[in-house]
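What follows is a single structure, written as structure tokens, with notes after it.
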Amino acid sequence: KGRQVAVVDCLTSEGVYWEGSASTLQEEGQLGMLGIAPPQGDDSGSGGGAEAQAQPQSARRLAAAAAAPAECLREASGSLMLWPCGETESSWRWDAQTLQLSTGGAKKCLAVDSGELALADCAAPSNEAAVPSEQSWVLLPRARPQIDLLDTIQLPLRASGRYVGDSAGVRVKLAGVSWFGVVTATSSQEDPSQVAVLLKYLGFNAVRIVFSADTELAALDRAVKAVTAQKMLVVLSRHSSKLDFADEEGKQKWLESLSFMAKRFQDNARVVGFDLLEGPTLEETSRTLPVWGAASLPSAGAQTALGVTLADWRTAAAEGAVAVWAGNPQALVVIQGTMYGTDLRHVSDRPLSVAQECLRSRLVYATQERRSFSALYEFYSTVQDMWNPLEYYDGLEDAVQEASFGARAEASSSSSSKGGGATSTATVDQGSFEEFRRVREEAAYYLSTEGKAPVWVSEFGTGEGSTSTWWNYTLRSLAQSDLSWFYSPLGEWRKSADALFDASADGTDRSAVVGWKLQDLLALQAPSALHPARLEVPSECAFLEAPNLAIASQPLSNSQFLATTVWTGVLKVTVGSVALVSLLLGLLLCHCGRVAARRTCGRDTPSWLVPSAPRDMEIPQAPHKKDKSFWSFCSCQRTLEAVPPPMPRAPGRTYRQLQT
């Protein structure tokens with residue numbers, strides 16, 4: 001009774017779990033002690049024997065709470081103490097926007113001061129709804145099924161319709177973060193174990209580790225080991241500043257790196273998937289544009305009319321999948337859409353080529369969520385129909401710039417595309433949620449909605465604040481679809497306003513988390529009860545490299561390309577206009593050729609056929625026979641039948657009389 005309360009590190013020390021729901025604390029209620037929690041990874045403080053240890057971690061916490069004393073946090077003369085709940089009138093109120101816990105008519109807030117728990121004057125929000133981290137308090141959920149699943153999951157994972165499940169048919173929803181920078185040479189001396197422990201403690205069950213050609217393998221090994229030691233799942237994602245598959249030399253190195261990484265971690269079953277290439281988009285230096293399903297006809301047309309080289313992401317992704325499976329046949333292959341993941345429109349009608357249909361259960365498609373999604377997708381999908389050589393490339397280049405990471409943090413920018421097709425990021429958040437969903441459904445989510453394949457959101461993040469319309473639309477959309485997702489970036493070792501880790505904190509502090517971001521993400525982590533928990537287990541098959549490699553490189557035929565092209569009104573008018581202009585130009589050239597041919601070859605009648613006087617002779621001439629060649633119409637050539645030479649004229653007689 002009257003014990004004082006101290007602040008400890010939940011990851012390394014025993015601490016207290018507190019009883020307080022969002023519903024009661026938003027009204028004002030008591031803040032009761034739920035139970036003594038052991039350090040992360042150590043369940044010895046939970047009590048019970050082997051039977052208790054077999055329970056999920058969240059269940060053990062609740063069991064410990066049942067035996068905990070009914071004590072509540074009390075403020076008395078400026079001090080904080082534990083006191084029997086029935087003997088204290090102290091009440092607390094939690095603000096879901098500012099994340100502050102206040103007492104005494106909202107005049108004092110619970111804070112951390114130099115490592116001690118204290119009461120302080122409530123700070124006003126300094127960045128939209130954000131307050132200093134010393135006064136931010138996040139409500140962690142009691143039940144964490146996405147974490148409990150890690151103890152029982154049966155690997156490998158497989159796609160089943162729109163979902164991903166384990167080998168026993170249990171649905172698996174990945175709620176993770178994208179971890180950049182951990183595999184660079186500058187971070188090779190860092191120990192990622194603390195970050196991995198923290199991420200699991202915060203409710204994340206997966207980590208997407210980004211690697212590149214410059215990856216420090218020792219650092220990558222340490223990161224993978226640290227994450228999987230916590231039983232979390234890992235997806236390795238290949239990053240490059242260029243389109244590695246656009247030329248033969250680059251493609252070969254890219255494929256070799258995928259096979260190498262897949263084989264390197266084949267024995268670690270918790271490395272569940274490989275993302276072939278992060279958001280393939282326009283390569284400005286070579287003016288190369290990735291498209292899903294490029295045939296020879298449109299490729300030649302784009303090169304000639306637009307000065308843009310088309311790189312076929314469909315065949316490259318098929319070859320990349322074979323490369324991964326050659327290294328690890330059990331791995332999931334994640335394929336992002338083109339243009340920062342915003343374009344997966346033709347994945348359904350121009351399917352990836354595999355020789356074994358059973359391998360489709362090892363395919364997952366991914367998109368990226370960003371403020372400029374609507375602007376980029378709608379401009380890109382429209383400009384493909386325009387084929388305007390005067391505006392196409394400039395407009396496309398502007399749209400790509402608007403979707404880049406640098407522009408993503410500038411949602412208030414009012415600049416517009418000089419090509420006239422893209423919408424500025426300032427207008428993206430102004431539409432309705434229905435419009436927000438329509439664009440994403442058309443671009444990528446349809447694969448999930450129609451049950452054709454799983455779709456992940458491989459990257460999304462914000463630095464604007466919890467009141468951003470785009471951010472709240474994104475949260476609402478993810479909750480509605482219940483997709484797997486990865487927040488990006490985590491932000492350690494690199495300052496970023498979008499990061500989950502606090503960019504303003506000391507660079508060595510791995511526990512300074514932006515509270516409002518975490519609070520929003522906590523609501524998305526657990527799988528929704530509105531979706532099935534059990535899935536049909538796909539049939540298995542042994543991967544055969546030779547036949548799959550042979551079919552992977554086969555391009556789309558021109559007929560299939562035309563059959564799967566969306567013939568919009570703009571496209572019909574454009575194609576019709578091009579065809580009409582081409583015909584008129586052909587006729588004009590033909591006419592000019594005829595005129596030139598007349599002047600060069602001549603059309604006058606030979607002199608020996610010219611009669612000395614009218615009606616002196618009548619020479620029947622065979623009708624002109626047209627050459628079957630089209631170009632004979634544009635030349636001076638014609639075929640004449642041979643005619644007999646003229647007969648001499650007898651004096652005083654007509655031609656007919658002589659003939660008789």
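Relative to a virtual label point 7 Å from the Cα of Gln252 in the Cα→beta-carbon direction, which members of segment 536-562 show backbone nitrogen distances below 20 Å?
546, 549-554, by backbone N distance to the label point.
Hey, can you grab everything whose amide H is under 5 Å from the amide H of Glu459? Only 5+ residues off in sequence or another chain; H modelled, so Pro and N-termini drop out.
Glu369, Phe486
What is the gain in length, in nm to one decimal, between Thr285 and Val138 on full extension, counting 0.36 nm per residue of separation less the C-alpha to C-alpha distance?
Taking Thr285 through Val138 to full extension adds about 48.4 nm, to one decimal.
Could you sort the peptides 323-334, 222-233 by per-residue average Cβ neighbour count (10 Å cutoff), highest mean leading?
Descending mean neighbour count gives 323-334, 222-233.
Considering only DSSP states other than H, G, I, E and B, which trypsin sites (Lys or Arg not before Pro) in segment 73-148 qualify as loop sites with at most 14 other Cβ atoms within 10 Å?
Lys107, Arg142
For Leu117 and Leu475, what does the FRET efficiency come to when R0 = 22 Å and r is the distance between their Cβ atoms, rounded to the nearest 0.05?
It comes to 0.10.
Once amide H atoms are built 1.01 Å from N in the peptide plane, which residues 5 or more positions from Arg208, or in another chain, come under 5 Å H to H?
Placed amide hydrogens put Val177, Ser178, Trp179, Val235 under 5 Å from Arg208.
What is the packing order of peptides 313-321, 156-164, 444-452, 113-121, taking the mean over residues of other C-beta atoms within 10 Å and listing the highest first?
313-321, 156-164, 444-452, 113-121
Determine the dipole magnitude for segment 164-277: charges of +1 sit on the beta-carbon of Lys and Arg, -1 on that of Asp and Glu, nothing else is charged, the reference point is the Cα centre, and the result goes in debye to the nearest 20.
Once rounded to the nearest 20, the dipole reads 540 debye.
Sorted by average packing, counted as other Cβ atoms within 10 angstrom per residue and highest first, what order do 204-214, 515-525, 453-463 take?
Top of the packing list down: 453-463, 204-214, 515-525.
Please name which of Ala269, Phe245, Ser257 has its Cα lying farthest along the dipole of segment 241-285 towards the positive end, using unit charges on Cβ (Lys, Arg +1; Asp, Glu -1) and the Cα centre as origin.
Ala269
Only the coordinates and a few stated rules stand behind these numbers; no lab work does. Predicted model only: the values in this text are computed from it and were never measured. With ideal geometry, Cβ positions are generated from the backbone for all residues, glycine too; neighbour counts draw on all protein chains shown.
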